[in-house]
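Asks: One structure follows; several queries about it will come next.
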Amino acid sequence: MQRIRIIFYIVLLSIFHGSCIDEYHAANLNSTKKIVVDAQITDESENQTIKISYSTAIHNVVWKPVLDANVEVLNRDGQIYIFEELNNVQGVYNGKIAEADLIPGNAFKIRFSTTEGAMYESGFEEMLACPAIDSVYYEIDNDRYFGNSFEPERGVEFFIDLKTDDNYSSQYRWQLKETYEYRSTWPIQTYWDGRFITLPTPDYTYYACYRTLPINQIFSATTSNLDQNVYLKYPLHFVNNRTQRLFYRYSLLVKQYSLTEQSFNYWEKLKGNNQNSGGLYDSQPQKVMGNVVCITNPNEEVLGYFGVSSVSSHRIFVTRNDLHQKLIYDQNLDCVQWQPTRWDFVTNSSEETWPVYLAPPPEDKVGLWYAPKWCIDCRLEGGTLEIPEFWSK
Amino acid sequence: MQRIILFILSSILFGGLYAQNIVNDTISVHFLNSSMSEFVENFEHKTGLKFIYKEDWLKTTSITVNVDNVPINEVLEKALFRTPYTYIFVEPNFIILVFKESFVNKIPFYDGIEISYEQAEGLGQQDKNKYLKGRQPDEKIVINIGNGVKVVNSNKVNIQAKIIDIENNDPLIGATLFIEKLKTGAATGVDGNLTLSLYPGIYSAEVSSIGMATVKCLLNIKSSGAFKIEMVKEVRSIDEVTVNAEQKYKIRGSEVGLDKIAIKSVKELPSLMGEKDIIKISQMLPGVVSVSEGSSGINVRGGSADQNMFYIGNIPLYNTSHLFGFFSAINSTVVKNFSIYKGHVPAKFGGRLSSIFDVETRTGNKNKFFAQGGISPISANISAEGPIVKDKGTYVVSARSSYSDWILQRLPNDDLRNSSVFFYDLSGNINYEFDENNSLSLFNYYSSDFFNLNKLNEYYYSNLGSGLNYFHRFTSRLKSNVSLVYARYNFNSKDMNNATEAYSHNYSLQHTEAKASLAWLLSDKHSLSFGINSILYNINRGIIEPYGINSKRSLNNLGKENAIESAMFVDDSYEITKNLKVYGGVRFSVFNNIGPSDVYLYDENLPREYNAITDTLSFENGKSVVRYSNPELRLAFDYELSSFNSIKFSYNEMSQNLFLLSNTYSVAPTDQWKLSDYYIEPARSRQISGGYYQNIISMGLSVSSELYYKTSGNVLEFKDGANFINTKDVEIMTLQGDQEAYGAEFMVAKDEGKLNGWISYAYSRSFMKFKGEQPWEEINDGIVYPSNFDKPHVLNVVANYKFNRRIILSSNLLYSTGRPITLPQSIYFMNGSSYADYSDRNEYRIPDYFRMDLSLTIEGNLKANKKLHSSWSFNVYNLTGRKNPYTVYFVSQNYGLQGYQYSVIGVPVITVSWNFKLGNYAAD
């Protein structure tokens, strides 16, 4: 729908030559603090995490944990699993549910009370069987338009196929996590360490990094309108060539959650609010309430959802060789070095900032050249030097 | 005495009297209900003329005249028009006042002879017709009615006048014949006829109609009879300001909540891309708003978009938009004028809660072939008309088509090259007059839209309609109309966003209607009309079918619906006293939803869901599923305080059996009309309204203010998350609730002069409430919330300035409070992402809307003998370039939420359009 909206906008733009999208800042919203339950009980391991927090004002977004709550998860037989708040992370409660209990057909609910004495509870949420992921694949797209721009984006669109039967749920949600390799522009050659030092051979220590990020989009689908429990080519996210993601090696981990109808509706509404809003024929945003209610004050609104699901996962890799010749790499993402008029910002720099890296001179040039530190130390772009264990070639 | 009369006669017959003397000097005078003596004194002082009169005549007479730089003779005519006097000029500087009757009685009459003044100004005979004439000096026609032999002096006789446009013999509707002496008159109906009851005698009468030169005539009535008056289009001279109490063009005031607009009076208004659009123009009137710029569907007095009935000819239009709603499907070249009933609605209309848009279409020119057309950046249109059989039959055909596809194909973007936006409409009108008493008309209409967004979404829809109308007059007091109407609305939508879920959906609605009505004039003061109509609805909500070889979509048949809605109505209007007129109407309709149909019964203690079904009722073909009857009462009172001001009240009840299933902000081309059924009951509304209307003659203004309060019940609204494609049973996804609206509307209009236009302001509110016995029967927890189109303050200014007949500058100015919106109030984290927690429904508002448009129309030369006349129109839409938000939406980001506002037209849009017509400037 996002895409349709964009196309719709450009169509209007080209007809009227005057359309524009600007940032909108709402003023003076009365925000009320509401309890948020972020819980997903899965069959991946016995360790389970539940986060309980308060919603936060729109102009001052901070994590507001709910401290010292008494949190329990109950199964259908009334067995209680106690969750304890982590010592080092406030608002995050951990507990263990026996593996034998984490089976399709079982159902769980959450119950917790805050230090103020308010009590909250969800309804039972059934664990539905989750089929294995059939396949995740991608297509190269050199002509993708976003925003009201006439410049196409080039990149890769990922898709998933779901093929199962009526023994399984017909509602699914997918969570994505990407990992990619990226490199700084230059290895270390020259640096300031109280004096200028030039290494005899370049040092590649901080040259290659790996970064893992969650994809914060909601991907959910139902086959209830289809004549089989099969959904082919469900579009996942799009990765463009404007970052180094597709330059070396890219990996996508897809986790598939089977959902109850109630939780699917919840995620669909959230998706509608966050991804569909604004289009001409889009539905209006709405309040989305989950399955947790306040027992002590039924009028209190509780956000979030206590979800229970079995999970299957699948990882795929995309290397530059796979894309070679098919994806157009038209972006030069390398840093450009320059020669400052004065060097005292380096020579007078404080010791904590050392070493101050210098850039190698461009071809056919000599002398001292400078570039920001992240052009030489890849860790500054958010990744780590550690090669992920699944990164085997 | 005899000598004077002869003198007058010769003056009238041979003119010359006014030639190049003092009475052609121009003066400015301003009087409102002044005494005659005051007027005379002031006039003598200003002009040096001397009045001769009988002293006691002047005591009882008042004068109203308001002119600038007008020849003295015209000023005098205007000043004396409402008095029993006329004047004679005698050299060198005397004005003799005489009784009008004192000389007209003595004129020897000849049937049909025209007695006219000749204006002997500088131009020679030859030159006279080279340029279009400005206002002509008064002509007085003498009309003899009936046969003198049959005169029975003591009894009133009935006279009937047919008033027509001389150019195309079209009947003029709403033309008035006024007899000053009796302070009485009558107005023509749709057939251009009016009837009066008078004693035999000779009367001085004035016939006026919008846009027509006033005809003054003498009626010599001998016995009952009929006659015809032909009127000529009025081309006003540059500096004329018209004066008298009779407003030539009055948008409001004839009934509470009725706005009437002649298309000619708004043709110069600025418009988006040069496309004239009566629905957009209607939004310049108080009480009519839309959700946002470019959204299809309008909201009248706090009612939802599906509560308006649009008639073009007498064909109902079920989708009025072209190009997503930026333009209307009603081609303005086929429109003659349009009326919007939003307060008092005559009982002959029904079926919608909020308003009736009645578009009267153009009829063909009876005398000669005529064509006109235009080109705007988005579309081109052409229409042709002429006689089929001289003086009997006429035709008009018109066509309009967009060429926006051509633009898209030339843009350097594959998504756009794969997209398509296209619309067109066609109409044809045939009229045939067998004789004075029998006529037949056939109007056909077709409109179609197609758009395809990068082959991911495709929409197609069309309106088709045909209306046959037969008119028959039994006697001068009893007339009848019989009509057959067929209308079809259908759409096809394809969603190909995900190949697996891709589907295609066909929907169609058919409306077949027969109606008959009789209008009976019982006496001058009492008229009655009554009639019946019956509509057969056949709706096929269509099948959701898989589209494309990869689609795994399962078939979902949304089902068919059939119903018959029959109504009878009586409209009765009675003039109790000279000042007080009452109107009473009753409409009684019966709606019958008929099978085949399967109706699910649900467990009443559970939300209506498929798992709450307890039983199924099956209705066979033709069997009644449910029947609803809707009695509606319509009352109106009209009290004339004086000839310049009046107050009016009305009480109006309406009902509606057709609903538009929409879960979007604005009306979408996939929205389905749905009939009342076993669960969905008819919506009903009640409105009380009142108004005060005042004409300020001295300034040429008409001022109106209206108040209304309206409640509606059983208004259909979707539940959060409703999807009308996946679920066929509408009762599962919708709720019926209440709507409340009230407001005060003010309007000041100036319809004459170099500067004309109107200013309207409305304060209005509109609320929704869906409170049920169970929580799942509620929307917004049962709490009242403002509707999507609740815009408390709306100010519109429409101004035209005529530099001269060839150059006209027009401007629109629109301001309104931003529409209500649901905004994120706080942010919360889940699953590593942030999400917005939205406020109660429509708790906030988007920024206020403001827009100013300008247009400059330059007409071709004014030569009388030319083959083709053309005009250029330069339009600037959104002159200030204000970025009025069309939508506001929020996108989750890793940490927080970013709001965006989208403005469709955030810069000034300048367009040029060209219009042409056969003939000269005045041709029509």
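Asks: Consider the stretch A:311-357. How many of its residues are among the hydroxyl-bearing types (Ser, Thr, Tyr), farther than 30 Å from residue A:144 by Cα, assigned to a strand (DSSP E or B) and out of contact with any Ser or Thr (no Cβ under 8 Å at 6 or more places or on another chain)?
Replies: Residues that pass the stated criteria total 1.
Asks: Only one of these conditions is not met by residue B:629: (1) buried (at least 18 other Cβ atoms within 10 Å of the Cβ); (2) of a type in the set (Ser, Thr, Tyr); (3) at pLDDT 95 or above. Which number is it?
Replies: Status for residue B:629: all satisfied but (1).
Asks: Search the stretch A:15-44 for residues being more than 7 Å from chain B (Cβ to nearest Cβ) and in contact with a Lys or Arg (Cβ under 9 Å, 6 or more places away or on another chain), and hand back the single one that is modelled with the lowest pLDDT.
Replies: Out of the qualifying residues, it is A:33.
Asks: Is there a residue in the stretch A:252-266 that is acidic (Asp, Glu), modelled with pLDDT under 95 and assigned to a helix (DSSP H, G or I)?
Replies: Yes, some residue in the stretch A:252-266 is acidic (Asp, Glu), modelled with pLDDT under 95 and assigned to a helix (DSSP H, G or I).
Asks: Okay, moving on. Just checking, does the stretch A:333-345 include any residue being away from chain B (no Cβ under 14 Å), within 24 Å of the chain's Cα centre (by Cα) and either closer than 19 Å to residue A:183 by Cα or surrounded by fewer than 13 Cβ atoms within 10 Å (Cβ to Cβ) (or both)?
Replies: Scanning the stretch A:333-345, I find at least one residue that is away from chain B (no Cβ under 14 Å), within 24 Å of the chain's Cα centre (by Cα) and either closer than 19 Å to residue A:183 by Cα or surrounded by fewer than 13 Cβ atoms within 10 Å (Cβ to Cβ) (or both), so the answer is yes.
Asks: Quickly run through the stretch B:544-583 and pick out the residues that are within 14 Å of chain A (Cβ to nearest Cβ) and buried (at least 16 other Cβ atoms within 10 Å of the Cβ).
Replies: B:544, B:545, B:546, B:547, B:551, B:552, B:553, B:556, B:558
Asks: Look at residue B:817 and say whether it is in contact with a His (Cβ under 9 Å, 6 or more places away or on another chain) and within 30 Å of residue A:272 (Cα to Cα).
Replies: Working: in contact with a His (Cβ under 9 Å, 6 or more places away or on another chain): yes; within 30 Å of residue A:272 (Cα to Cα): yes.
In short, yes.
Asks: Tell me yes or no: at least one residue of the stretch B:767-783 is at pLDDT 90 or above, among the charged types (D, E, K, R), out of contact with any Leu (no Cβ under 7 Å at 6 or more places or on another chain) and part of a strand (DSSP E or B).
Replies: There is at least one residue in the stretch B:767-783 that is at pLDDT 90 or above, among the charged types (D, E, K, R), out of contact with any Leu (no Cβ under 7 Å at 6 or more places or on another chain) and part of a strand (DSSP E or B).
Asks: Taking the residues in the stretch A:225-238 that are facing another protein chain (nearest Cβ under 8 Å) and assigned to a loop (DSSP other than H, G, I, E, B) as candidates, determine which candidate is nearest to the chain's Cα centre (by Cα).
Replies: Once the filter is applied, the top-ranked residue is A:225.
Asks: Then there is this: Which one of these does residue A:143 not meet: (1) crowded, with 18+ Cβ neighbours inside 10 Å; (2) in the same structural domain as residue A:250 (by TED's automatic domain parsing)?
Replies: (1)
Asks: If the Cβ limit is 6 Å and pairs must be 6+ apart or interchain, which residue in the stretch B:417-428 that is within 12 Å of chain A (Cβ to nearest Cβ) pairs with which residue that is assigned to a strand (DSSP E or B) and hydrophobic (A, V, I, L, M, F, W, C)?
Replies: B:419/B:453; B:421/B:451; B:422/B:450
Asks: Quick one: which strands (runs of 3 or more DSSP E) lie wholly within the stretch B:526-645 and hold at least 3 residues that are over 28 Å from residue B:490 (Cα atoms)?
Replies: Hits in the stretch B:526-645: B:526-540, B:560-575, B:580-594, B:613-619, B:624-640.
Asks: State yes or no: is residue B:787 of a type in the set (Gly, Ala, Ser), without any contact (Cβ under 8 Å) to a residue 12 or more places away in the chain, more than 22 Å from residue B:270 (Cβ to Cβ) and in the same structural domain as residue B:711 (by TED's automatic domain parsing)?
Replies: Against the criterion (of a type in the set (Gly, Ala, Ser), without any contact (Cβ under 8 Å) to a residue 12 or more places away in the chain, more than 22 Å from residue B:270 (Cβ to Cβ) and in the same structural domain as residue B:711 (by TED's automatic domain parsing)), residue B:787 does not qualify.
Asks: Does the stretch B:854-868 contain at least one residue that is surrounded by fewer than 19 Cβ atoms within 10 Å (Cβ to Cβ), within 14 Å of chain A (Cβ to nearest Cβ) and more than 20 Å from residue A:218 (Cα to Cα)?
Replies: No, the stretch B:854-868 contains no residue that is surrounded by fewer than 19 Cβ atoms within 10 Å (Cβ to Cβ), within 14 Å of chain A (Cβ to nearest Cβ) and more than 20 Å from residue A:218 (Cα to Cα).
Asks: Please go through the stretch A:67-89 and pick out each residue that is surrounded by 15 or more Cβ atoms within 10 Å (Cβ to Cβ) and free of Cβ contacts under 8 Å to residues at least 40 places away in the same chain.
Replies: Across the stretch A:67-89, the qualifying residues are A:73, A:74, A:75, A:81, A:83, A:85.
Asks: Would you be able to tell me the number of residues in the stretch A:151-177 that are touching a residue at least 60 places away in the same chain (Cβ under 8 Å) and over 30 Å from residue A:228 (Cβ atoms)?
Replies: 3
Asks: Within the stretch B:429-441, identify whether any single residue is within 14 Å of another protein chain (Cβ to nearest Cβ), surrounded by fewer than 18 Cβ atoms within 10 Å (Cβ to Cβ) and more than 26 Å from residue B:383 (Cβ to Cβ), and answer yes or no. Walk me through how you get there before you give the answer.
Replies: Of the residues in the stretch B:429-441, the ones within 14 Å of another protein chain (Cβ to nearest Cβ) are none.
No, the conditions are met nowhere in the stretch B:429-441.
Asks: Okay, moving on. With respect to residue A:300, is the statement that it is closer than 17 Å to residue A:126 by Cα, at pLDDT 80 or above and of a type in the set (Asp, Glu) true?
Replies: Considered against the rule, which asks whether it is closer than 17 Å to residue A:126 by Cα, at pLDDT 80 or above and of a type in the set (Asp, Glu), residue A:300 comes out as no.
Asks: Is it the case that the stretch B:666-673 has a residue that's of a type in the set (Val, Ile, Thr), at pLDDT below 95, closer than 19 Å to residue B:324 by Cβ and touching a helix residue (DSSP H, G or I) at 6+ places or on another chain (Cβ under 7 Å)?
Replies: yes
Asks: Here is a follow-up. Is it true that residue A:48 is surrounded by 15 or more Cβ atoms within 10 Å (Cβ to Cβ), at pLDDT 65 or above and facing chain B (nearest Cβ under 8 Å)?
Replies: No: the conditions fail for residue A:48.
Asks: Can residue B:721 be described as free of Cβ contacts under 8 Å to residues at least 12 places away in the same chain, surrounded by fewer than 22 Cβ atoms within 10 Å (Cβ to Cβ) and either more than 30 Å from residue B:589 (Cα to Cα) or in contact with a helix residue (DSSP H, G or I) (Cβ under 8 Å, 6 or more places away or on another chain) (or both)?
Replies: When the stated conditions are applied, residue B:721 passes them.
Asks: Please go through the stretch B:453-479 and give me each residue that is at pLDDT below 95, hydroxyl-bearing (Ser, Thr, Tyr) and under 30 Å from residue B:196 (Cβ atoms), ordered by number.
Replies: B:475, B:476
Asks: While we're looking at this one, here's another question. Among the candidates A:191, A:182, A:210, single out the residue that is assigned to a strand (DSSP E or B) and either farther than 30 Å from residue A:337 by Cα or more than 30 Å from the chain's Cα centre (by Cα) (or both).
Replies: None of the others qualify; the one that does is A:191.
Asks: I need the full set of residues from the stretch B:442-454 which are more than 10 Å from chain A (Cβ to nearest Cβ), touching a residue at least 24 places away in the same chain (Cβ under 8 Å) and more than 19 Å from residue B:671 (Cα to Cα), in order please.
Replies: Those that are more than 10 Å from chain A (Cβ to nearest Cβ), touching a residue at least 24 places away in the same chain (Cβ under 8 Å) and more than 19 Å from residue B:671 (Cα to Cα): B:442, B:443, B:445.
Asks: Please work out which residue is nearest to residue A:138 (Cα to Cα), limiting yourself to the stretch A:161-178 and to residues that are over 11 Å from the mean Cα position of the chain (by Cα) and part of a strand (DSSP E or B).
Replies: A:161
Asks: Can you tell me which of A:158, A:219, A:247 is at pLDDT below 90 and on the phi < 0 side of the Ramachandran plot?
Replies: A:247
Asks: Would you check if there is a residue in the stretch B:838-845 being more than 30 Å from the chain's Cα centre (by Cα), within 23 Å of residue A:301 (Cβ to Cβ), of a type in the set (S, T, N, Q) and more than 8 Å from chain A (Cβ to nearest Cβ)?
Replies: Scanning the stretch B:838-845, I find at least one residue that is more than 30 Å from the chain's Cα centre (by Cα), within 23 Å of residue A:301 (Cβ to Cβ), of a type in the set (S, T, N, Q) and more than 8 Å from chain A (Cβ to nearest Cβ), so the answer is yes.
The values are calculated or read from the model by the stated rules, or taken from the named source; none is laboratory data. Since we're looking at a predicted model, the values are computed, not measured. We place every Cβ from the backbone using ideal geometry, glycine too, and count neighbours over all the protein chains shown.
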